[in-house]
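**Student:** Just passing along the structure, written as structure tokens.
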Amino acid sequence: MDTIDSLIEGYRAFRAGAYKQNEARYQALAARRQRPKAMIVACCDSRADPAMIFSSDPGELFVVRNVANLVPPYQPDGNYHGTSAALEFGIKGLEIADVIVMGHVSCGGIEALYDAGCGHPPEGEFISNWMSLATGVETAVRAAHGDLDKPALLRLMEQRAVVQSLEMLRTFPFIAEREKAGTLRLHGWFYGIGSGKLSIYDAETDSFTDVADHS
């Protein structure tokens, strides 16, 4: 079975299973404006699906995904800003009160950033420019931890990119104002694809701490 056929079969299984069992819920979702609980800025990586990780039902998460879960700075000009548009709609339009930046282990975008720092930028017309948003992360990590091996440096870059994205969120006036007023909370999370572990950023200690498996 080729890729497209397998996707169609997956759709049929969904229609016969999850959709049929929850048809009334799906119809209710379609009949009213969406009211997601949280917004997640996540990576495009196919192995780190927020809805799967957090066992979320349709309508619960407003997710924007891009390469390496980066948030660009507030820059209202005439260019195209997909992530910024999603932030504006989610926060100003849907009044979401929790925004999460979720990075992950083995991020291809961060590896491209690492390689560019070694003098081997990725080929293509868009990735290098996009990842240049995190050049400061790559430079700072190398300067502070240049004695570490590549896997350790990549892990630090992946986590510090999450922290930088939190800082970039605060360059948006409508985010900074709401956070100051206490009506919006920002969160930095980090997911281990192989381990299944989630870590949460603590601004006071400037570190990530694993979430316990049991409450």
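**Student:** Scan segment 80-122 for residues that are without any contact (Cβ under 8 Å) to a residue 12 or more places away in the chain and over 22 Å from L153 (Cβ atoms) and jot them down.
**Tutor:** Once the filter is applied, which keeps residues that are without any contact (Cβ under 8 Å) to a residue 12 or more places away in the chain and over 22 Å from L153 (Cβ atoms), segment 80-122 yields Y80, H81, A85, F89, G93, E95.
**Student:** Do we have any residue at all in segment 132-139 that's in contact with a Leu (Cβ under 7 Å, 6 or more places away or on another chain), part of a strand (DSSP E or B) and without any contact (Cβ under 8 Å) to a residue 60 or more places away in the chain?
**Tutor:** No, segment 132-139 contains no residue that is in contact with a Leu (Cβ under 7 Å, 6 or more places away or on another chain), part of a strand (DSSP E or B) and without any contact (Cβ under 8 Å) to a residue 60 or more places away in the chain.
**Student:** Now for a separate question. Check A51, A143, A86, A152 and return the single one that is over 27 Å from S195 (Cβ atoms), among the aliphatic types (A, V, I, L, M) and open to solvent by 30 Å² or more (accessible area, probe 1.4 Å).
**Tutor:** A143
**Student:** Let me ask another. Which of the numbered conditions does Q159 fail, given that it passes all the others? Conditions: (1) under 18 Å from V41 (Cα atoms); (2) over 16 Å from the mean Cα position of the chain (by Cα); (3) open to solvent by less than 40 Å² (accessible area, probe 1.4 Å).
**Tutor:** (2)
**Student:** Ok, one more. Among the residues of segment 185-204, which ones are touching a residue at least 60 places away in the same chain (Cβ under 8 Å), hydrophobic (A, V, I, L, M, F, W, C) and out of contact with any Phe, Trp or Tyr (no Cβ under 9 Å at 6 or more places or on another chain)?
**Tutor:** L186, I193
**Student:** Could you identify the single residue in G192, G117 that is under 27 Å from Y74 (Cβ atoms) and surrounded by fewer than 18 Cβ atoms within 10 Å (Cβ to Cβ)?
**Tutor:** From the options G192, G117, the qualifying one is G117.
**Student:** Now, a different point. Here is a check on your reading of the model: is Q34 out of contact with any Phe, Trp or Tyr (no Cβ under 6 Å at 6 or more places or on another chain) and under 29 Å from G82 (Cβ atoms)?
**Tutor:** So Q34 passes the test.
The values are calculated or read from the model by the stated rules, or taken from the named source; none is laboratory data. This one's a predicted model, so the numbers in the text were calculated from it and none came from an experiment. Quick reminder, even Gly has a Cβ in these numbers, built from the backbone with ideal geometry, and neighbours come from all protein chains shown. The accessibility values were calculated without ligands, DNA or RNA, using every heavy atom of the protein model including side chains. Shrake-Rupley method; radii C 1.70, N 1.55, O 1.52, S 1.80 Å.
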